[in-house]
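Below is one structure, written out as structure tokens; comments come after it.
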Amino acid sequence: TVMSNGQATLRNLVMLSPLTGRYTLRLSAPGLGTVEATVWVTEGVPARLAFSKEPSRLTDNEMPLEDQPVLLLEDVAGNHVMEPSVVALVVRTQIVPASPNSTGFDKPVLFDEGLFRFMGLLLKASYGTTYNFVFALDPVPEWAVANVTSRPIMAVPCTETYFYRIGGLKCEPCVAGATCNSTSVLLTQRGYWRVDNVTSSFVQCKEPSACPGNMTDDTCAPGFRGVLCQVCEAGRSGTGCAECGSAMRTWAILLALSLLYLGLILFSIVSALAKDEGAKKKADQLLIKQFTQYFQTLGILSDLFGGLIQTLTSTARAVSTVSVPVATIQCAFPGIGPFDLFRFTMLLPTLSAALACLVILATVVRRRFFRDADLSPVTFILRQVEKVRKKKDVSPQSPKPPKRRRPKRLIALICVNVTLYFLYPTLVQTAADMNSCDTYDFGYGPRRFLSTDYSIDCDGPEYSFNRLLSIGFIVGYGFGIPLAFRMAGRLVHHFGGVTLELGTFAFLMGGYRVEHRYWEAVNMMKKMILIFLVTYITHASFRAYTVMWVLMAFTMYSYFAQPTTFKVANQLETLTALVVTMSAALSLPVSLLELEWSNGLNDFQYPFWLNWPLAILFAGINGCLVVIFALALGREMLPQLAAPLLKVLKKEQVPPAIARWTKLKTSHNAVLRLGQKVSTAGPSAEQSAAQVECSLIEREQPSEKVLDPVRFDGPVTVSQIAITLPGSAPQTTDFQQNTLTHFEKSKDLNRGSEASGTTQTTDLQQNPLTHFEKS
């Protein structure tokens, strides 16, 4: 400012936003010195609210904020207004966004000693949302006080092993099958699956390799897709979704399996049609059936186990049952669906009709063109050797006995019962599987999927129709096949007697006692019950206990029934049942662990430390039984295999065993057949003829004419025997008056010579005659 007339006038002096307090104004001019003036700045009119202390940034949603907010009034220069002109001032708080469960924010706070002090504010912060407090002063005339907003406030972060849900108010422990990282993002562990990136439901995959882990949604490993990654992508099939390979390889495998199964069934049909009654009464065929049933039962129990034992039992099922190669068929026919495979399997029994036609055609061709031929290579070679030997032997040979032809309807019936025997476990298991659904909750309510194919929704309309079909097949096959076996046997027995019944159902009844000749129906029912228990009982330990109880019940029944005519077969029947029961017991440790672990944080996974010990114990128990079966079969089959060769090498026939009835009112002796050929013995070989209950035995010269025998199992009481001599009336002996107490068994050492040989007498009172075969 320029001094004028010795005076300087200062105008428009302004202090911009000064803080309150004392200020000194210095005025100076050159040569005149300095003059000072004191200026006091006081607080102005309140212009805004400000924080003296900000609220806490984090809330645990349980306790009030650790730092409660403190507010003050400021003027435009930011000076703390301590003594406003209006004393009754009120500040109110608002939460943005709203938090309904928060407390303490509805109370107004009064101005006290220049501050607004808040107390007891509890913010319920939802995870994933940030909040702000907005403080506002109640309106005051002539004042324009601005509101103040707090810094963002959120819920306290979770620890590493916890996660939060968006909108939740607290941290939660990490769920089973998930990997947590303190946020709301959950990743799948290896072997687990989730339907999307929102749900917190993680489900263990049946095939661990299909679920790679570290995924936020339903992503599967390459080659897998669908629910729980249980469905294979195009060009893959099987449990592991392996690549199908070339079409030639697929069709070669399918053809090989088909020929293998057909060969097994045809071999069994030919064996059942064999007219060698002596061969049918051998124990080897019965032992083979017992061994097959043993493997089938282990295969049925496969789902009780896990790890290596499940692999072993699945292999046993594959080699003992005619099963449908689903994986191979899916590769050969890419468009085929699970319902198509189900219907195809249910129609497999029609295969028996085709086999019956094939066998009948082969029988007709052989009768017309190869009447006396035996097409087996071993028998052909032996017969050629025999022909060379017979050329040197000029002794008269006996004419071959005429062969009785089996009716075509009986051939068809035999083909049916043999085919159904091998198909029965597969038919019942497939029908039961179509009624078995697995239920899961992926976080949006329960959903059901077909146990054998998770691409099928059990609540869909197409499944409902096929489920009704499967129920009909369960009744028709599961209960119908054993019942039909019983009814067909009774029907054949009614028209043709027990002889025709045993001959027609020789494959199923062979080796069993007459009163237990339907024992195979009992075995079928046992398999069906086990299939139902394993398929429909989901509680692991209860399922294992129930299976063991059922197996023990059948074991006791078998032990007391002694159903077969062979001691070794009865012993193996009981031993097999015990071994299968012990094998089922090995599933108990795993089922109990599964029950215990399912209540914890993690789903059950088959423990590695239990896998090998149980597998070794299982293999040891069942391996011993397999060795016992092999020894028993070797003992039965080796003599039969070696007999034809020894017969040719020794150049002699095996002499027949001869049994003589004693105490007969005739000079001639009736003859009992004891396992080999039938002979008669009497004073004159040319005049001997015996008739036993209308079954004729004739002995002409050195040759014999033998009719088909009839087998009686169990004690048999012979009341009469009629002996007819040529040119005379029949003579009848009453055994009620003439008790048969002894019989003599002689073995001719030189054919044609009755004088030489050895004779053995058996006391029938001490050694009861429990079986005999009449011819």
Check your understanding: Charges only on Cβ, +1 for Lys and Arg, -1 for Asp and Glu: so what's the dipole of region 443-588 about the Cα centre, in debye to the nearest 20?
Key -> 280 debye
Check your understanding: What is the gain in length, in nm to one decimal, between THR149 and LYS107 on full extension, counting 0.36 nm per residue of separation less the C-alpha to C-alpha distance?
Key -> 13.4 nm
Point to revise | Approximate spin-label separation SER314-GLN562, in nm, with each point projected 7 Å along Cα-to-Cβ | key: 4.3 nm
Revision key, fill the gap. Spelling it out for TYR23: with amide H atoms placed in the peptide plane at 1.01 Å from N, the residues 5 or more places away or on another chain with amide H under 5 Å from its amide H are VAL39, TRP40, VAL41
Exercise for review: Counting other Cβ atoms within 10 Å, keep those with at most 11, restrict to DSSP loop, and tell me which trypsin sites (Lys or Arg not before Pro) in region 1-104 are left.
Suggested key: ARG11
Review point. In region 130-190, carbon and sulfur make up what percent of the accessible area (probe 1.4 Å)?
Key: 57 percent
Check your understanding: When you count, for each residue, the other Cβ atoms within 10 Å and take the mean per peptide, how do 239-245, 504-510, 205-211, 169-175 rank with the highest first?
Key -> 504-510, 205-211, 169-175, 239-245
**Study point:** For PHE163, residues with placed amide H under 5 Å, excluding near neighbours
**Key:** GLU172, CYS174
Check your understanding: With the other protein chains left in place, how much accessible area per residue, in square angstrom, belongs to region 489-593 at a 1.4 angstrom probe?
Key -> 40 Å²
Review point. If we sort 462-471, 413-422 on the protection proxy, mean other Cβ atoms within 10 Å, highest first, what's the order?
Key: 413-422, 462-471
Point to revise | Amide H within-cut-off set for TYR192, under 5 Å, with H built and near neighbours excluded | key: CYS205, GLY213
Check your understanding: Within region 239-335, which trypsin sites (Lys or Arg not before Pro) sit in a loop by DSSP and count at most 14 neighbouring Cβ atoms inside 10 Å?
Key -> LYS275
Check your understanding: Using the per-residue mean of other Cβ atoms lying within 10 Å as a proxy for protection, in what order, highest first, do the peptides 213-225, 303-315 fall?
Key -> 303-315, 213-225
Check your understanding: Taking region 116-211 as the region of interest, what is the percent of Cα-Cα pairs per 10 angstrom bin, listed from the shortest bin to the one with the maximum distance?
Key -> 14, 30, 21, 14, 10, 7, 2, 1
**Study point:** Segment HIS539-MET3, extension gain: residue separation times 0.36 nm, minus the distance between their alpha carbons
**Key:** 182.1 nm
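The values are calculated or read from the model by the stated rules, or taken from the named source; none is laboratory data. This one's a predicted model, so the numbers in the text were calculated from it and none came from an experiment. Here the Cβ is made from the backbone with ideal geometry for all residues, glycine too, and neighbour counts use every protein chain on show. Surface accessibility is based on the protein's heavy atoms, side chains included, excluding ligands, DNA and RNA. Shrake-Rupley method; radii C 1.70, N 1.55, O 1.52, S 1.80 Å.
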